[in-house]
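J.: To start, I am sharing the structure in question, which I have written as structure tokens.
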Amino acid sequence: MLEWVSLSWLQTMVLAVVQGLTEFLPISSSGHLSIVSKLFFGDDAGASFTAVTQIGTELAVVIFFLKDIVRLVGVWFRGLVNAEVRRTQDYRLAWYVIIGSLPIGVLGFLFQDFIRSTFRSLWITGTTLIVFGVLMGLAERFGQQRRSQDRLRLSDGVVMGFAQALALIPGVSRSGGTITAGLSLGLDRPTAVRFSFLLAIPAVFAAGLSEIPHVFEPSPYGLQPTTAQMIVATVVAGVIGYAVIAWLLRFVERHSVYLFVWYRIALGLLVFGLLGFGVMQP
């Protein structure tokens, strides 16, 4: 029989703040939740807690980009019956978001047991933080960054969709993977970041809703929150996430992503050091 290991309210609030701060930055929110919960609370917060609190941060995306989302949804429906609308960039962009959301949905379903268990090893998290940090730095350095949103192509949606799917492994970062892919494809930073946000909405909502039942089941993988704790954590993560979206969009207009590259590498090395000296268990 599985033992129920409960979250405290302090753990709930700390992890909610971490989720809100890191979800949209290309530094891996799931990796940070795993590191913080194991380092300070002695156990993993769990993949289900991560997925459900992401609903709050994705609601922040919906609110922030509400006008864009309403426009794209309206254009998509009109385009189903109007050939002229189908020739617009907005109609194509809506399809790019839909198609780009499919890989993470399919792979998340196929590998859900690994996501909840094997993939959450901190040795894997430390490795992916460093490796994908280096890849993001290379994309920033060598990406041409000449294409804006009006020059997005179907291939961008497909490639960035598969890059987003890699974020099923903690440490990769959903936004980090998609931004890296976008820069590598020649998109400018603001376009890569904005499309990354739009691309996440269908996938993250689907993942969060599908994980709700698992949050309240006794599990060997992670701490167990109450219903009240999940609601509060989701709201707190969403409020903080909204502020982070606004900050990140302004930041990438004027600055490179090297700040996040060096942070990822430093954090990955720190994780290796803590694991190597036995301060933290994988």
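J.: If amide H atoms are built 1.01 Å from N in the plane of the peptide, which residues on other chains or at least 5 residues away come under 5 Å of the amide H of GLN224?
T.: VAL5, SER6, LEU7
J.: If you don't mind, there's one more thing I want to ask. Where does each of ARG264, ARG194 land when they are ordered by accessible area, with a 1.4 Å probe and the largest first? It would help to have the intermediate numbers written out before the result.
T.: Details: ARG264 0, ARG194 80 Å².
Sorted descending by solvent-accessible area, the residues read ARG194, ARG264.
J.: Quantify, in whole percent, the carbon and sulfur part of the accessible surface of the chain (1.4 Å probe; protein heavy atoms only). Walk me through the numbers on the way to the answer.
T.: Details: 8920 of 12760 Å².
Carbon-and-sulfur percentage of accessible area, whole number: 70.
J.: Using 0.36 nm per residue, how much length does the chain from VAL279 to VAL235 gain when fully extended, once their Cα-Cα distance is taken away?
T.: 12.7 nm
J.: Follow-up question, since we're still on this one. Hey, what does the equivalent ellipsoid look like for the chain, semi-axes from the Cα gyration tensor as sqrt of 5 times each eigenvalue, largest first, whole Å?
T.: Values: eigenvalues 197, 96, 50 Å².
Each semi-axis is √(5λ); the values are 31, 22, 16 Å.
J.: Note down the magnitude of the dipole of the chain about its Cα centre, charges +1 on Lys and Arg C-beta and -1 on Asp and Glu C-beta and zero elsewhere, to the nearest 20 debye.
T.: Numbers: 20 positive and 16 negative charges, 207 e Å.
That gives a dipole near 1000 debye.
J.: Report the calculated FRET efficiency for ARG151 and MET13 (r = Cβ-Cβ distance, R0 = 45 Å), to the nearest 0.05. Present the calculation step by step, with values, prior to reporting the outcome.
T.: Details: r = 43 Å, r/R0 = 0.95.
For R0 = 45 Å, the calculated efficiency reads 0.55.
J.: Around ARG153, which amide H atoms from residues at least 5 apart in sequence, or from another chain, sit under 5 Å from its own amide H, with H modelled in the peptide plane?
T.: Those lying under 5 Å, H to H, from ARG153: there are none.
J.: Here's another thing I want to ask about it. In deg cm²/dmol, rounded to 500, what helix-only [θ] at 222 nm does the chain give when every DSSP H run of at least 4 residues adds -39500 (n - 2.57) and the total is split over its residues? Please list the in-between numbers first.
T.: Details: 12 runs with 204 residues, N = 282.
So the helix-based figure for the chain works out to -24500 deg cm²/dmol.
J.: Continuing with this model, one more query. Sorted by accessible area with a 1.4 angstrom probe, largest first, how do PHE49, PHE205 fall? Walk me through the intermediate numbers first.
T.: Details: PHE49 5, PHE205 45 Å².
Descending accessible area places them as PHE205, PHE49.
J.: For ASP43, what residues show an amide H to amide H distance below 5 Å, using hydrogens built from the backbone and excluding near sequence neighbours?
T.: For ASP43, the qualifying residues are LYS38.
J.: Could you work out the relative contact order of the chain? I mean the mean sequence separation of Cα pairs under 8 Å and 6+ apart, divided by the number of residues, in percent. The partial results should precede the final answer.
T.: Numbers: 480 pairs, mean separation 103.8, N = 282.
With pairs under 8 Å counted, the relative contact order is 37 percent.
J.: For the stretch 239-247, in order, what is each residue's ³J(HN,Hα) by Karplus, 6.51 cos²θ - 1.76 cosθ + 1.60 with θ = phi - 60°, in whole Hz (x at glycine and Pro)?
T.: Karplus values, whole Hz, x for Gly and Pro: 5, 5, x, 4, 5, 5, 4, 4, 5.
J.: For the stretch 43-191, count all C-alpha to C-alpha pairs, find those more than 19 Å apart, and express that count as a whole percent of the total. Write down the numbers at each step before the final one.
T.: Details: 6660 of 11026 pairs.
Pairs farther apart than 19 Å: 60 percent.
J.: Short version: ³J(HN,Hα) in whole Hz for each residue of the stretch 26-38, in order, from phi by Karplus 6.51 cos²θ - 1.76 cosθ + 1.60 (θ = phi - 60°), x for Gly and Pro, what are they?
T.: Calculated HN-Hα couplings, in order: x, 10, 6, 5, 5, x, 5, 4, 5, 5, 5, 5, 6 Hz.
J.: Can you sort ILE35, ILE99 by 1.4 Å-probe accessible area, starting with the largest? If you can, show how the numbers build up before the last one.
T.: Working: ILE35 15, ILE99 55 Å².
Sorted by accessible area, descending: ILE99, ILE35.
The values are calculated or read from the model by the stated rules, or taken from the named source; none is laboratory data. Worth saying up front: this structure is predicted, and the values here are computed from it rather than measured. As a convention, Cβ positions derive from the backbone with ideal geometry for all residues, glycine included, and neighbour counts pool all protein chains shown. To get the accessible areas, we keep the full protein, side chains included, count just its heavy atoms, and leave off ligands, DNA and RNA. Shrake-Rupley method; radii C 1.70, N 1.55, O 1.52, S 1.80 Å.
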